[in-house]
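Report on one structure; see the data block that follows.
Since every read-out is calculated from the coordinates, none of them should be taken as a lab result. Treat the numbers as computed from the prediction; the structure is a model and nothing was measured. Because the Cβ atoms are built from the backbone with ideal geometry, glycine has one as well, and the counts that use them run over all protein chains shown.
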Amino acid sequence: MKMRGRLLTVVVVLALGSALVAGCAQGKRGASDGTSAKPYRIGAVLSLTGTYAGLGTPEQNAIKLEAARINAAGGINGRLIEVFYEDDGTDPAKAVAAAARLIEQEDVLAIIGATGTGQTMAIRSEIARAGVPQVSMAGGSVVTDDFDPLVFQTPWPNRIVVPFTLKALKARGLTKIALISDTSGYGTDGHDIIVKEAAAAGIEVVAEQTLNPGDTDMTAQLTKIKGAAPDAILMWNAGKEAAIVAKNMQQLGMKTPLVGSPGNGRKEFIEGAGAAAEGFRFAAGKVLVPAAYGTDSEPYKVANDFITRYTKAYGTPPDIFAGHAYDAFLVVVDALGRVEGDVTPGSLRDAIEKTSGLVGIGGTFSYSATDHNGLTMEELVLYRVADKTWVLDQ
Amino acid sequence: MNSAELLQFVASGLQNGAVYALVALGFTLVYASTGIINFAQGEFFMLGGMLAVAGVRAGLPLPFAALASVVLTASIGLLFERVALRPRRDSGPTVLIIITIGGSMVMKSLARHAFGPNELSLPPFSPGVPIVFAGASIDRQVLWIWGLTIVAVVALTFLYSKTKLGRAMRACSLSHDAARLMGIDTARVVMISFGLAAALGALGGVAVAPLTQTAFDVGSRAGLKGFAAAILGGLGNPIAAVVGGLVLGLLESLSVAFISSTYKDAISLVVLLAVLFLRPQGLLGKSRREKV
């Protein structure tokens with residue numbers, strides 16, 4: 001019995017060993033054909049599960065699509081690009097572990113991510129320790145306001161979107177607003193900026209309510225808001241709770257206009273809220289209705305090309321989150337092509353900071369030593385939901 | 001605050017509370033027959049909603065899809081007990097509880113792969129404008145949730161007190177060994193209690209999906225709330241689970257009304273802790289004294 005056990009162990013070890021050797025040989029062969037040099041290694045920390053799963057998944061789709069396109073065209077500087085994906089489960093603690101793994105084990109040159117503001121901020125210590133540049137796809141202002149020379153950002157931060165949205169409200173005569181925001185990093189960031197900016201924009205905040213990611217009924221918060229009789233309700237979050245807010249408002253017979261954040265520009269919101277989504281307004285970039293770019297412009301051509309290829313690959317047009325990921329990947333790839341001399345995390349960071357006039361989906365990016373977002377209000381338009389789709393709200 | 005607003009807060013609390021109650025009933029059932037906490041209970045809630053959506057997308061009429069989802073989830077519950085738990089039933093409660101945690105992760109991951117990461121919508125059971133009662137408006141789906149909760153509680157009470165199976169289940173909860181000596185097939189009773197618990201969780205998931213949408217990851221929160229409700233009421237009897245659920249729901253909505261929406265979860269947890277300090281057996285639980 002004991003003898004047989006030992007024999008079995010030997011066989012298993014031999015089998016594993018030969019598999020390993022075969023695997024290594026395969027790996028070598030894979031690297032030697034195509035291009036001679038080693039590929040550039042890029043890490044991506046995405047929320048593929050959890051509250052932001054609906055954001056992280058299109059982000060991954062966009063990066064995969066673009067990486068495949070660039071590699072098919074021969075890569076950058078004759079070297080392919082290899083992307084390593086890690087899921088953070090919409091959990092800041094897991095995001096830290098994911099970033100550490102990418103840095104320690106995969107030896108990446110740069111990290112794209114994270115999806116959410118809380119996760120983006122959480123991985124800073126890892127980024128700083130390794131000196132690796134980070135391009136975030138989260139829209140919290142804190143990502144670039146709390147300045148870190150290593151951290152860049154592709155979405156329009158709240159400090160741009162909030163004043164734009166408040167201006168749009170004022171222009172429509174909606175000056176008394178009730179605020180409902182979620183308790184995530186993004187919602188809290190938006191809440192603070194709205195409260196700070198409201199007075200300057202001629203807007204009065206008459207009620208402030210919060211909701212937790214995962215909440216399933218907001219009638220209690222909305223009943224409080226109803227009592228304050230606002231002209232409009234401003235909602236700042238990026239999860240599935242948005243549809244519940246819209247439906248609960250309909251249930252309570254509230255006719256108050258509902259205005260949201262770019263985080264609500266998802267077709268799942270329209271599906272989930274159904275008839276209650278009609279008339280919902282939010283500010284976001286131009287990718288949802290590309291005609292807003294101006295049909296002869298360079299951004300229109302870039303967006304149209306991306307939309308066509310994305311739709312062909314995944315059967316659905318890209319949303320704003322796919323656009324943020326396209327931009328983040330583009331920023332890194334563009335910088336890789338401009339690095340002079342050795343490509344190291346440090347030289348890549350310097351190249352990213354010199355990004356200038358780079359046309360992406362979310363806007364035209366120009367970074368500087370003091371501005372790591374590089375977008376302005378000009379990139380935003382106001383949308384309205386009409387007949388289950390987005391139209392420009394003129 | 002006027003009376004219509006107050007009523008609206010109460011309605012909101014009872015709506016969430018009824019869903020918590022359905023999940024809590026599942027915890028109570030499994031606890032009664034096995035003495036363990038089934039941490040996969042929240043995933044049964046998730047499966048209920050997701051499978052119903054899958055049924056509707058496959059072209060089944062809504063009532064049939066909802067029913068099929070509950071039946072299918074119950075079968076998954078039976079299978080889970082038979083395949084994952086029964087082989088290790090002599091390993092003690094700690095091992096079994098850890099197995100249920102593992103089971104919940106497996107179910108969640110499989111659901112993500114099968115249904116994708118996005119939230120999915122289920123049409124309402126009876127579409128129409130909300131019903132206005134004394135100034136408070138109540139969605140028609142909420143009436144379904146309340147109705148189904150009442151039916152579930154009545155059916156369970158009947159099962160427990162009037163049927164042979166129910167008596168066998170109660171006997172198991174008192175002493176497995178004694179029940180087995182009396183000729184009760186305890187393995188079968190345990191398996192059935194898992195099936196029933198899964199069906200109740202699924203019922204909650206199906207009933208609430210038209211209001212809230214559903215996704216592969218709604219199970220952990222539902223499980224947490226249901227568990228809190230079961231503990232608050234007192235593990236062991238169905239009425240206590242329902243009372244625990246409703247009290248928890250009301251606590252949350254009244255926290256929003258009188259204190260702050262930011263702290264509503266914290267407030268309900270503080271009350272839960274306070275109750276456990278003062279009455280460790282829960283609001284309605286009977287204290288179990290060892291008789292020597």
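Structure values in brief
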| read-out | value |
| --- | --- |
| Translational diffusion coefficient (Stokes-Einstein; Kirkwood radius from C-alpha pairs) of chain A at 10 °C, 1.306 mPa s, in µm²/s | 71 |
| Cα-based equivalent ellipsoid of the range A:159-284: semi-axis lengths in Å, sorted from largest, via gyration tensor | 20, 16, 14 |
| Calculated Rg and Dmax of the range A:224-282 using C-alpha coordinates, Å | 10.6, 31 |
| Estimated inter-spin distance, B:LEU273 and B:ARG57, nm [label 7 Å along Cα→Cβ] | 4.1 |
| Contour excess over end-to-end distance, with Cα ends at A:THR308 and A:ALA229 and 0.36 nm allotted per residue | 24.0 nm |
| Compactness of chain B as Cα Rg over 2.2 N^0.38 Å, two decimals | 1.00 |
| Extension gain (nm, one decimal) between B:LEU110 and B:ILE98, 0.36 nm per residue minus Cα-Cα | 2.5 nm |
| Extension reserve of the A:ARG338-A:ALA72 stretch, reckoned as 0.36 nm per residue once the Cα distance is removed | 93.8 nm |
| Calculated FRET efficiency for the pair A:ALA93/A:ARG172, C-beta based, R₀ 45 Å, to 0.05 | 0.60 |
| Expected-Rg normalisation [2.2 N^0.38 Å, Cα atoms] applied to the range A:87-146 | 1.00 |
| Non-local Lys pairs in chain B, i.e. 8 or more apart or on different chains, that have alpha carbons under 29 Å apart | 9 |
| Distance-filtered residues of the range A:76-98 - backbone nitrogen under 20 Å, label point 7 angstrom along A:THR316 Cα→Cβ | A:87-90 |
| Calculated over the protein assembly as shown: convex hull of Cα atoms, volume per residue (Å³) | 196 |
| Estimated inter-spin distance, B:PHE133 and A:LYS388, nm [label 7 Å along Cα→Cβ] | 3.2 |
| Principal axis dimensions, largest first and in whole angstrom, of the range B:1-73 by Cα | 45, 40, 14 |
| Exposed trypsin sites (Lys or Arg not before Pro) absent - longest run of chain B, DSSP non-H/G/I/E/B, at most 12 other C-beta within 10 Å | B:1-285 |
| Antiparallel DSSP beta bridges within the protein assembly as shown, as percent of all bridges there, nearest 5 | 30 |
| Antiparallel bridges, percent of DSSP beta bridges restricted to chain A (to nearest 5) | 25 |
| Cα gyration tensor, the range B:94-153 - rounded (a/c under 1.5), prolate or oblate | oblate |
| Interchain or long-range residues, amide H under 5 Å from B:ILE138's placed H | B:ILE131, B:VAL132, B:PHE133 |
| Whole-Å distance, taken between Cα centres, linking the range B:190-236 and the range A:190-267 | 28 |
